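Worksheet for the structure shown next.
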Amino acid sequence: MKVLSVASEVVPLVKTGGLADVAGALPAALAGHGVEMRTLMPGYPAVMKALGKKTRVKAYADLFGGKAAIVRAKAAGLDLYVVDAPHLYDRDGGIYGQADGTDWPDNWARFAALGRAAADLAAGADEKFRPDIVHAHDWQAALAPAYLHHSETAVPTVVTVHNLAFQGRFGAEVFSQLGLPPAALAVDGIEYYGGIGFLKAGLQYAGAITTVSPTYAREIRTPEFGMGLDGLLNARADRLHGILNGIDTDVWDPAGDRHLASRYSARSLKDRKGNRLAVEKRFGLDADDDPIICVVSRLTWQKGMDILAAEFDAIIAAGAKLAILGSGDQALEGALLAAAARHEGRAGVVIGYDEALSHLLQGGSDAILIPSRFEPCGLTQLYGLRYGCVPLVARTGGLADTVIDANDAALSAGVATGLQFAPDRGDAMTDAVRRMVALYRAKAAWKAIQKQGMKADVSWLRSAGQYAALYRALMAGEGRT
Ligand code: ADP
């Protein structure tokens, strides 16, 4: 079976969030299920630079304002198709916006081009790879099902929602330039609250919709989490599936991780000590036996970073040390830096994006705190489980699905892997920190939780099988639109 995966970010080429990890990992995970997956992505400068020998499979005289091509190439072990369109992608700054944080004004064209190219590949632009399924990730790829629906090509589609907060909404005035028939500008098409919505269109036209955890799949059908799309998601509930993300267990392996100061396994947990010392040094923390709680996160409201800032003093008073790595909202960066400055030796903040340091934090901290208000799946708690860095998580979305709370029943049954607390509540979060500190001091109980977490299967094994089964069902004719 041939599947074209379409994504705006793919690890290790470009990444701003978990979507990139998933898009990068799926091809290898699915190979064992008889799925040949190739990935279509935009030709950002970093991508064009990484490509090996390029073969042009389709040329465009004018793709949303300039000459362009789809090229086939390999990079970083991935089989790629790349939209080579310098007028859309060859620019300094971020992949979605300028250095000052504002979106590129032509994002509608930049990502309509991605959907257009996906539909052209589905229609046979490369004779060597005619996909049986097109799998579009997030709003940037979500016009692919719209173009396919309004074409002669009957290739079934899947749209995966990695975060419903990002929807690709634009003014209705760009509709006429998308190359879709006038009938598509309708409630059962791309129209969305008077404008147009790329993700909305994808959810409308896709043969199947998936999101990245079973709990989030239920949550997004409610007004509280549905971000305006709960009505549509309810109407299409029979097509909506929750499939958990896995992680790349080769890249995230404490026994072989080159970013660690000291490598270890579940049998040699004492060797985490070298990493712990390195974390203390890097974050200016006292070298004592009080537990280190780390945070590795975008610093945003979604991630509950304002709650963390508000509870900062109480967490330190509970006996924990904090090591925070992140970047995002400037006000939150400032609030966390100011809070850490009040607690010399007890808290440190590094502002920035640092892959190596994120590994060290998982390998050297005792726990990782994730107080998200909503969390489609979340990856950092999965890394935490694998690294014996006990996850302390808000009970929402994928966090609720992947961490077993250390309540009395779970502790006595020996199945606890972390701690959960009620989302969006600072007092509940700080209570969980207090519980965590007590468990940490009861050394044997703590070690048991660490070891149990390290036993959890956080690989792609199970989920890849679920995607493969979904593709097969679609090919068998379930879910044509
Ligand atoms: P989201 O995609 O919503 O940001 P996820 O938990 O799904 O959240 O994925 C976040 C990914 O980005 C993880 O791989 C995490 O380790 C990484 N990450 C987030 N912030 C940083 C940072 N400041 N430095 C390094 N890695 C980070």
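Which count do you get for residues in the stretch 1-27 that are at pLDDT 95 or above, open to solvent by 10 Å² or more (accessible area, probe 1.4 Å) and in contact with a helix residue (DSSP H, G or I) (Cβ under 9 Å, 6 or more places away or on another chain)?
Number satisfying all stated conditions: 3.
Based on what the data block shows, is HIS87 over 21 Å from the mean Cα position of the chain (by Cα), open to solvent by 40 Å² or more (accessible area, probe 1.4 Å) and within 30 Å of SER176 (Cβ to Cβ)?
It is true that HIS87 is over 21 Å from the mean Cα position of the chain (by Cα), open to solvent by 40 Å² or more (accessible area, probe 1.4 Å) and within 30 Å of SER176 (Cβ to Cβ).
Given the options GLY43, GLY34, name the one that is in contact (Cβ under 8 Å) with a residue 40 or more places away in the chain and either open to solvent by 10 Å² or more (accessible area, probe 1.4 Å) or of a type in the set (Asp, Glu) (or both).
GLY34
Filter the stretch 334-352 for residues that are in a helix (DSSP H, G or I), open to solvent by less than 20 Å² (accessible area, probe 1.4 Å) and either of a type in the set (S, T, N, Q) or more than 13 Å from the ligand (Cβ to nearest atom) (or both) and give the result.
ALA339, ALA340
Restricting attention to the stretch 241-288, which residues are open to solvent by 50 Å² or more (accessible area, probe 1.4 Å) and touching a strand residue (DSSP E or B) at 6+ places or on another chain (Cβ under 6 Å)?
Correct list: HIS241, ASP286.
For the stretch 222-240: of the residues being in contact (Cβ under 8 Å) with a residue 12 or more places away in the chain, open to solvent by 40 Å² or more (accessible area, probe 1.4 Å) and more than 20 Å from the chain's Cα centre (by Cα), which is nearest to LEU382 (Cα to Cα)?
ARG239
Scan ALA468, ALA445 and give me the residue that is among the aliphatic types (A, V, I, L, M), open to solvent by less than 40 Å² (accessible area, probe 1.4 Å) and not assigned by TED's automatic domain parsing to the domain that holds ALA320.
ALA468
Please name all residue pairs, on different chains or six or more residues apart, with Cβ atoms under 8 Å, provided the first residue is in the stretch 285-310 and is within 15 Å of LEU357 (Cβ to Cβ) and more than 11 Å from the ligand (Cβ to nearest atom) and the second residue is open to solvent by less than 30 Å² (accessible area, probe 1.4 Å) and outside any strand (DSSP E or B).
Going by the 8 Å Cβ cut-off, the qualifying pairs are LEU285/VAL279; ILE292/ARG276; ILE292/VAL279; ILE292/GLU280; ILE292/ALA320; ILE292/GLY364; ILE292/SER365; ILE292/ASP366.
Can you name the number of the only condition in (1) in contact with a strand residue (DSSP E or B) (Cβ under 8 Å, 6 or more places away or on another chain); (2) over 30 Å from LEU299 (Cα atoms); (3) open to solvent by less than 40 Å² (accessible area, probe 1.4 Å) that ALA75 fails?
(1)
Among the residues of the stretch 53-62, is there at least one that is part of a helix (DSSP H, G or I), in the same structural domain as ILE133 (by TED's automatic domain parsing) and under 16 Å from ALA118 (Cβ atoms)?
Within the stretch 53-62 (the criterion being part of a helix (DSSP H, G or I), in the same structural domain as ILE133 (by TED's automatic domain parsing) and under 16 Å from ALA118 (Cβ atoms)), the answer is no, since none of the residues qualifies.
Quick one: which strands (runs of 3 or more DSSP E) lie wholly within the stretch 179-276 and hold at least 2 residues that are more than 17 Å from HIS162 (Cβ to Cβ)?
195-197
Filter the stretch 94-127 down to residues that are of a type in the set (A, V, I, L, M) and open to solvent by 10 Å² or more (accessible area, probe 1.4 Å) and give me whichever is nearest to VAL155 (Cα to Cα).
My answer is ALA123.
Restricting attention to the stretch 47-58, which residues are at pLDDT 95 or above, open to solvent by less than 50 Å² (accessible area, probe 1.4 Å) and out of contact with any Asp or Glu (no Cβ under 6 Å at 6 or more places or on another chain)?
VAL47, MET48, ALA50, LEU51, THR55
I'd like the full set of residues that are open to solvent by 10 Å² or more (accessible area, probe 1.4 Å) and touching a residue at least 60 places away in the same chain (Cβ under 8 Å), limited to the stretch 376-424.
Within the stretch 376-424, GLY378, LEU379, THR380, TYR383, ARG386, ALA400, ASP401, THR402, PRO423, ASP424 meet the criteria.
Would you point out the residue of the stretch 321-333, among those that are within 26 Å of PRO12 (Cα to Cα) and in a strand (DSSP E or B), that is farthest from the chain's Cα centre (by Cα)?
ALA323
If you scan the stretch 365-375, which residues turn out to be closer than 14 Å to TYR216 by Cβ and either within 7 Å of the ligand (Cβ to nearest atom) or among the charged types (D, E, K, R) (or both)?
ARG373, GLU375 - these are the residues of the stretch 365-375 that are closer than 14 Å to TYR216 by Cβ and either within 7 Å of the ligand (Cβ to nearest atom) or among the charged types (D, E, K, R) (or both).
Which of (1) under 25 Å from PRO27 (Cα atoms); (2) open to solvent by 10 Å² or more (accessible area, probe 1.4 Å); (3) outside any helix (DSSP H, G or I) is the odd one out, the single condition GLU152 does not satisfy?
With (1) under 25 Å from PRO27 (Cα atoms); (2) open to solvent by 10 Å² or more (accessible area, probe 1.4 Å); (3) outside any helix (DSSP H, G or I) applied to GLU152, the lone miss is (1).
Considering each of ALA331, ALA356, ALA318 in turn, give the residue that is surrounded by fewer than 21 Cβ atoms within 10 Å (Cβ to Cβ) and touching a His at 6+ places or on another chain (Cβ under 7 Å).
ALA356
So, in the stretch 290-312, of the ones that are in contact with a Lys or Arg (Cβ under 9 Å, 6 or more places away or on another chain) and in a loop (DSSP other than H, G, I, E, B), which residue ends up farthest from ASP424 (Cα to Cα)?
Top of the filtered list is ASP290.
Would it be correct to say that GLY477 is part of a loop (DSSP other than H, G, I, E, B) and more than 23 Å from ILE368 (Cβ to Cβ)?
It is true that GLY477 is part of a loop (DSSP other than H, G, I, E, B) and more than 23 Å from ILE368 (Cβ to Cβ).
Has the stretch 383-397 got any residue that is small (Gly, Ala, Ser) and closer than 21 Å to VAL22 by Cα?
Yes, because at least one residue in the stretch 383-397 is small (Gly, Ala, Ser) and closer than 21 Å to VAL22 by Cα.
The values are calculated or read from the model by the stated rules, or taken from the named source; none is laboratory data. Given the structure is predicted, the values throughout are model-derived calculations rather than measurements. Backbone-built Cβ (ideal geometry, glycine too); neighbour counts: all protein chains shown. Remember, those area values only see protein heavy atoms, side chains included, never the ligands or the DNA or RNA. Shrake-Rupley method; radii C 1.70, N 1.55, O 1.52, S 1.80 Å.
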